[in-house]
Each structure stands twice: as structure tokens, then as C-alpha cells.
């Protein structure tokens, strides 16, 4: 059974959207950095987390560029962000 959490659902100015998305991406990057610092991980795990951080940074830059290029001061930016949670099957 899945559970959803409506994290974001609204219209934002371009500046608000950029700030909100940057803060969310930074929170996820910090999560990965804390995991690397707090736990003893294999080199493979660390490389995977570093790769994910780079992917988040790349996606964020692309998204911010999209907003800067396409968002209008008149219309703003609609953002919908739903988190979907599923639990693995019990063994």
C-alpha cells in the first residue's frame, strides 16, 4: 500500500520558485553528505552518493535555467511535488 505526502502545490513567483527548489535540492545534497560522514560505507557506496549529488546539482541548474528562460512575472511558476512512499514486502 502506498502513502502520499503533498509537499508542494502552488503558484510561486520565479524568485520564490528558484529559492524553494534550491533549498529542497540542498537539503537532499546535505542528506547524502551526512550519510557519507556518519556511516562507514564502501568506496562503491560513496561513489554512488557522489554521483547522485552531481545529478541533483545538474538537474537543479537545468531547472533554474528553465525558470529564468521561460517564467513570466505575470504568470509565475506552478509547482506540484508529491512524495510517494511504499514499503518493501515483508519476508
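In the stretch 61-83, the residues that are touching a residue at least 60 places away in the same chain (Cβ under 8 Å) and at negative phi form Cβ pairs under 9 Å with partners that are surrounded by 10 or more Cβ atoms within 10 Å (Cβ to Cβ) and assigned to a loop (DSSP other than H, G, I, E, B), at six or more places apart or across chains, as follows: 73/13; 77/13; 77/71. Checking each residue of the stretch 66-75 against the condition of being in contact with a helix residue (DSSP H, G or I) (Cβ under 6 Å, 6 or more places away or on another chain), modelled with pLDDT of 95 or more and in a helix (DSSP H, G or I) gives at least one match. Does the stretch 29-48 include one or more residues that are within 14 Å of residue 81 (Cβ to Cβ), in a helix (DSSP H, G or I) and either under 15 Å from the mean Cα position of the chain (by Cα) or without any contact (Cβ under 8 Å) to a residue 12 or more places away in the chain (or both)? Checked the stretch 29-48: no residue is within 14 Å of residue 81 (Cβ to Cβ), in a helix (DSSP H, G or I) and either under 15 Å from the mean Cα position of the chain (by Cα) or without any contact (Cβ under 8 Å) to a residue 12 or more places away in the chain (or both).
Looking for whichever is surrounded by 10 or more Cβ atoms within 10 Å (Cβ to Cβ), assigned to a helix (DSSP H, G or I) and within 15 Å of the chain's Cα centre (by Cα) here; the options are 79, 56. Which one fits? From the options 79, 56, the qualifying one is 56.
Tell me which residues, restricted to the stretch 2-25, are free of Cβ contacts under 8 Å to residues at least 40 places away in the same chain and exposed (fewer than 14 other Cβ atoms within 10 Å of the Cβ). Within the stretch 2-25, 15, 19, 23 qualify.
One line per residue, one yes/no per condition, for (1) farther than 28 Å from residue 8 by Cα; (2) out of contact with any helix residue (DSSP H, G or I) (no Cβ under 6 Å at 6 or more places or on another chain):
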| position | (1), (2) |
| --- | --- |
| 22 | no, yes |
| 27 | no, yes |
| 34 | no, yes |
| 42 | yes, yes |
| 51 | no, yes |
| 54 | no, yes |
| 57 | no, yes |
| 60 | no, no |
| 64 | no, no |
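The values are calculated or read from the model by the stated rules, or taken from the named source; none is laboratory data. For clarity, every value in this text was computed on a predicted model and none was experimentally measured. Positions of Cβ are generated from backbone atoms using ideal geometry, with glycine treated the same way; all protein chains shown enter the neighbour counts.
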